[in-house]
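The values are calculated or read from the model by the stated rules, or taken from the named source; none is laboratory data. These figures come from a predicted structure and were not determined experimentally. Every residue, glycine among them, receives a Cβ derived from its backbone with ideal geometry; neighbour counts consider all protein chains shown. Surface areas here come from the heavy atoms of the whole protein model, side chains and all, with no ligands, DNA or RNA. Shrake-Rupley method; radii C 1.70, N 1.55, O 1.52, S 1.80 Å.
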Amino acid sequence: MVNCYDFETLPDRTQTGSLKWDKYAGRDILPFWVADMDFLSAPEIVSALEARVGQGVFGYTKPYASVESAVTEYLSTSHQVKAAANDLVWLPGLVPALNVAARAFGSDVSSILACTPVYPPFLTAPGNQHKRLVTAPLSWSGTRWEFDFDAMEAALTPDSSMFILCNPHNPVGRAFSRSELMSLADFCLKHNLVLCSDEIHCDLILDEGVTHVAMGSLDHPIRERLISLFAPSKTYNLPGLACAFAHIENRSLRNQFKRAAMGTITEVNAFGYAGCEAAYRFGEPWRQELLTVLRENRDRLYKALEPYADKVSVYPMEATYLAWMDVRSLGAKDAPGHFETHGIGLSDGTPFGNPGFLRFNFGCPLLHLEEGIRRLVYGIESVS
């Protein structure tokens, strides 16, 4: 396949306020931590943003017909989710959305269930909103990570109000199957839980034999208790545009969610809407090339780690660009700090609920990835 897009240039993001790169400013440490890719954005999206700049007016902006239709068509075509524009609640990101969901349902004595390891805001949102967090570990079957429904049952409290799901899963890379999600839906319905499903990585499926199953596509009564969260930000690397949306079919549930957001959640900005529409209308060719690059990067990283299997365990990845690594056998007391001394910055597994694990972001051009792998291997080999 002839590549039409540039996935080789590493943009200079220093002195741009980049969260990812400024963390190690002034130090010889390459950032492979936060889920922010180092690829140039799709030119179709850049063009849409340039056109928006050309209007010269940047006032308060509400969702408009063309962006709403782009999203509803995307949900229907890509994920078999039938949505009306009125079913959508627009938000400036998935982290605010998780916090709004945690605030919206239950009382101050309610608990919210999450499975670990998981993206850290899942573990902090309940406490931020005066709810109790309860957790159950995902189970490693020997070939994949799975829900442990016995552990989940044991973790529930009489006042549990919600289960928060990450699918595809960050950081373990699972794209849960239809049968697994049906079982989860049964579990939530049995325990009268609202199900909040974060599906932000849904368009980053790496295994070609795997598909994303959206919770909202299931023929199941859980849809009356379902909040599905989406955004173009991970797929098209647009987190700085701060644009996400919740799909909530049940009007009462949707109104409760909206009330919880009132007065604290800002409107999506004009560029967020423009980028979102362009991504879903014109970004598919770019996304297909991205997936090819990410598959090659994943395989290159895994191949490089094969000789060190006794020291570092990496898990099969069906989705995302975030490799989850068990480095406990290295015996490093401070694993992130150890690798930083060898020139590479990785995400610490502790905030995900798994000390001794690290997350490696391979969403970057090949030459940058190869240098990151070199430093990673240097850090591994330095441990006697």
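Judged by the mean number of other Cβ atoms found within 10 Å, the most tightly packed of the peptides 11-17, 190-196 leads the ranking 190-196, 11-17. Scaling the Cα radius of gyration of the range 284-375 by the globular reference 2.2 N^0.38 Å produces a ratio of 1.10.
Rolling a 1.4 Å probe over the protein heavy atoms leaves residue 76 with an accessible area of roughly 40 Å².
Based on the alpha-carbon gyration tensor of the range 126-276 and its eigenvalue square roots a ≥ b ≥ c, which shape applies: rounded if a/c is under 1.5, prolate if not and a/b is larger than b/c, or oblate? Oblate is the answer for the range 126-276, as a/c is 1.5 or above yet b/c matches or exceeds a/b. Which residue, 278, 297, 314, has the largest displacement toward the positive end of the dipole of the range 274-339 when charges sit on each Cβ (Lys, Arg +1; Asp, Glu -1)? About the Cα centre, the residue reaching furthest to the positive side is 314. Shape verdict for the range 196-266, please, from the Cα gyration tensor: rounded (a/c under 1.5), prolate (a/b greater than b/c) or oblate. Oblate is the answer for the range 196-266, as a/c is 1.5 or above yet b/c matches or exceeds a/b. Residues considered: 46, 172, 213. Largest GNM mean-square fluctuation over the chain, using C-alpha springs under 10 Å, is found at 46.
Looking at the range 167-298, the accessible area is 34 square angstrom per residue; that uses a 1.4 Å probe and ignores ligands, DNA and RNA. A simple spin-label model places the labels of residue 182 and residue 128 3.5 nm from each other, with each point 7 Å out along Cα-to-Cβ. Would you indicate which of [x] 48, 26, 22; [y] 42, 23, 19; [z] 31, 28, 19 is the value of semi-axes √(5λ) of the Cα gyration tensor in Å derived from the coordinates of this structure? Label [z] holds the value from this structure. Packing around the peptides 115-126, 330-341, 349-360, 201-212, taken as the average count of other Cβ atoms within 10 Å per residue, puts them in this order, highest first: 115-126, 349-360, 201-212, 330-341.
Maximal additional length on extending the residue 208-residue 143 stretch stands at 21.7 nm, based on 0.36 nm per residue less the C-alpha distance.
Across the accessible surface of the range 314-384, with the other protein chains kept in place and a 1.4 Å probe, carbon and sulfur atoms take up 52 percent. Residues within the reach of a label modelled at residue 251 (point 7 angstrom out along Cα to beta-carbon, backbone nitrogen below 18 Å), restricted to the range 61-85, are 83-85.
You can think of it this way: the chain between residue 224 and residue 62 has 55.7 nm of extra reach, that is 0.36 nm per residue less the Cα-Cα gap.
Once you have the Kirkwood Rh of the range 40-160 from its Cα pairs, apply Stokes-Einstein at 25 °C and 0.890 mPa s and quote D in µm²/s. Rounded, D is 136 µm²/s. With Rh defined as the Kirkwood radius, the inverse of the mean 1/r over Cα pairs, the Rg/Rh of the range 271-310 is 1.31.
With a Förster radius of 45 Å applied to the beta-carbon distance between residue 191 and residue 6, the computed FRET efficiency rounds to 0.40. Cα gyration tensor of the range 215-324, axes a ≥ b ≥ c as square roots of the eigenvalues: rounded (a/c below 1.5), prolate (a/b > b/c) or oblate? Note, shape of the range 215-324 comes out prolate. Remark: the range 220-236, residue by residue, has Karplus-estimated 3J(HN,Hα) of 8, x, 4, 4, 6, 10, 10, 10, 10, 10, 9, 6, x, 5, 6, 4, 9 Hz, where x stands for each Gly or Pro and the curve is 6.51 cos²θ - 1.76 cosθ + 1.60 at θ = phi - 60°.
Converting phi to 3J(HN,Hα) with the Karplus coefficients 6.51, -1.76 and 1.60 and the offset θ = phi - 60°, the range 312-321 yields 9, 9, 10, 10, x, 10, 8, 7, 6, 10 Hz in sequence order, with x at every glycine or proline.
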